[in-house]
1. Angle between the Cα long axis of helix 302-315 and the longest principal axis of the chain, 0 to 90 degrees, nearest 10?
2. What dipole magnitude, in Debye to the nearest 20, does the chain give about its Cα centre under +1 on Lys/Arg Cβ and -1 on Asp/Glu Cβ?
3. Figure the gain on full extension for T87 and E423 (residue separation times 0.36 nm, minus the Cα-Cα span) and round it to one decimal in nm.
4. Using the count of nearby Cβ atoms within 10 Å as a rough guide to exposure, how do V376, V414 rank from fewest to most?
5. Could you give the distance between the Cα centres of segment 160-184 and segment 434-448, to the whole Å?
6. Could you list W291, W165, W393 in order of exposure, starting from the residue whose Cβ has the fewest other Cβ atoms within 10 Å?
7. Taking the Cα atoms only, what angle lies between the long axis of helix 472-486 and the longest principal axis of the chain, rounded to 10 degrees?
8. Which stretch or stretches of segment 40-76 have amide N atoms under 17 Å from the point lying 7 Å from H272's Cα along the Cα→Cβ direction?
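Every number in this text was worked out from the coordinates using simple rules, so none of it is lab data. Predicted model only: the values in this text are computed from it and were never measured. For neighbour counting, all protein chains shown are included, and Cβ atoms are generated from backbone atoms with ideal geometry for every residue, glycine included.
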Amino acid sequence: MTYCALPLPGASLAVPGPRPEPHPGTEPLDRARARLATRLVAAAGPGGLLRAPCDSRILESALALRLLTVTGVDPDAQERLMRRLKTAVDEGAPDPVQEAAARAALGEYVDGRGALARLLGGFDHFTAGRKRLMFQTLLAELGAHPFSELPSPETLFEARGQQRWLITEMAALKVLYAFGTGAPRLVTEEDWRALEPCALPGPPPYGNHLARILALLALRLRPRYAEAARARARELRGWLREDGGLPFITGMDVFATATGGLALAGAGAPAHTLRALASALVEHRNPDGGWGFDRGVGQSDVDDTSYCVEFLRATGAVLFGPEVAAGERYLLARQGADGGFPTFEHGTASEVAITAAAVNALAPEPAHRPAVEAAVRFVAARQEAAGSFERSWSLNESNALFRTVLAHDSFLAVAPGHPARAEVARARARAVSRLLDTQNADGGWGHVPSDPSDPISTAYSLIAVARTPTVPSARGATGRAVRHLLERQRPDGGFVSRPDQAGPRPLAYHVPLLTDVCVLLGLNHARACVAH
C-alpha cells in the first residue's frame, strides 16, 4: 500500500476547517451552497467526469470559415459560421484581434496591425513576443493585412521544449508564413511531421481546436496532405456549438472535476459521490503521472495535476495513494532552479499562480518540504509593490491572489518556526490587503480594480478574504461579498459570469460550469469563516 499524507487541517481548498455546525443567520448561505452542489453533481457524465464544454469563440470560428472556404467543402457549415461571426461583430467582439479576424473572414476591410497594437499594447508577459508573431501571422492568413517580411524566420517560429500543441501551432504558422511570402523552402520535414497528427480523424489532438485548424490550413498547402485536410474540414460541423461557432478547446472536464470535486468536498457531499468523481479522474491520468485539462488530452500540466492530487488526497488518502504519489513525482520533476513551477515543461518559465497550486498539492507530504519552501520563496519574491501578482491563465488579478494566500497558509501550517515565516506572513497580508482595498461598492470584485463586479472574480477574492477572519475589515468584506453573490444566484441555482480563462493569452475563452465551481468554493470558505 502506498502511503499518502492527509490534507492539511485548515489549509485545503476543499475543507477550510472543521465542518461548520448550524449557525444563526447562515440559512441563505447554506441553501445557496446546497443548490450549487446539486447542480455540480448533476453535471456528471456517463464516464463520471463533470461535463464542462467550452463556448464557441470568434477566433476559431473565423479560422474555421477560412478552412472551409479554401478547401471548398460544406457550404451549410460555412453559412452557420458566417452567421455566428456576423452576430459577434454586431454585438461587439471581446477584443480588437478577434473583431479583425471576424471581419477579415467575412471579407470586410480591417486594420489588422492596428488591432494587434491595441490588444498587445499593454500586455506585459513573457509570451508577448510569441503572441505578437502568432496573431500577426493568422490575421495575415485571414487577409487582414499582407504577410510581413520577418528577420530570421527559420528560428522565429521555434518552439522546442514547449507544450505539444504550441509546437503544432508554431509549425503551422511557419508554414502559412512561408507559403504566404513565397518562400516554402523555409518549411522542413520536421515541421510537416509536427502537423501530421492533426490530419487524423477523431477529436483534435490535445483537445485544442485552434491548433488543429491552424494545422489543417497549413497541411492543405502540401499535395500529399490536401485530401486529409479536406476530410477533416468536412468533419468540422460535428464540433460546432449550438450558436454555429467553434470553441477554442473541446472542454475542461478533468479540471472541472478536480476543482468541482474540491468544491463538493467542502460543501459536505456524500463520500460515495466524491469517490466516484475521484475514480473517474484516476481513469484519465496520463502515463507520466500527471493530468491534462480534458479527457483524451495526453499533454499533462502542473495546474491540472496539482488540483487532481489535492482532490484525490482529500477524498481518499489510502484509496488513491499510488495516484497521489505519481502526481507528486510529476510535479517535482518540473520544478525549476528558481523554485517555481511552469505550466507545462521543465525548463520553461515559472509562473506564480501555477507555483502556488503546486505548493498546495505538495505541502502535506513532509518529504517535499524543501521543494515547498523554495516554491513559496519564489512566490513571495514575485509579489508586486501593490500586493498583486502577474496574471497567468486567468484574466483575473484575484486568481493568483487567492492561490498564493492558500499557498502561504499551507507553508505556515507545515513550517512553524521557519526563518521565512515572517516574510511569508507579510506577503500574505499584502495580498489580502490588495483585495480589501479593491472591493467594489456592491461587494464584488472585477477582473482588475475598477472593473465591474462579476461572480468568478468575486468568488476568487472571497476565498482569500474569508480565510482571514481575525481581521475585522476582512470579515466585513466577506459578508458583503456573500450578499453580492447570493443576490445574483439564478432560479436554477447557478451563476453567470464573464469569461475568465485565457488562451492563447490574453484572449478570453469561457467554460460556463467553472463559474458554479468557483462560486461554491468561495461560499464554502465564507461558511467556514462564520464558524470561527
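1. Here the helix axis deviates by roughly 40 degrees.
2. 400 debye
3. Net length gain for the segment: 115.8 nm.
4. Ascending number of Cβ neighbours within 10 Å: V414, V376.
5. Taking the Cα centre of segment 434-448 as reference, the centre of segment 160-184 is 41 Å away.
6. In increasing order of surrounding Cβ atoms, one gets W393, W165, W291.
7. So the inclination is approximately 50 degrees.
8. 41-42, 44, 48
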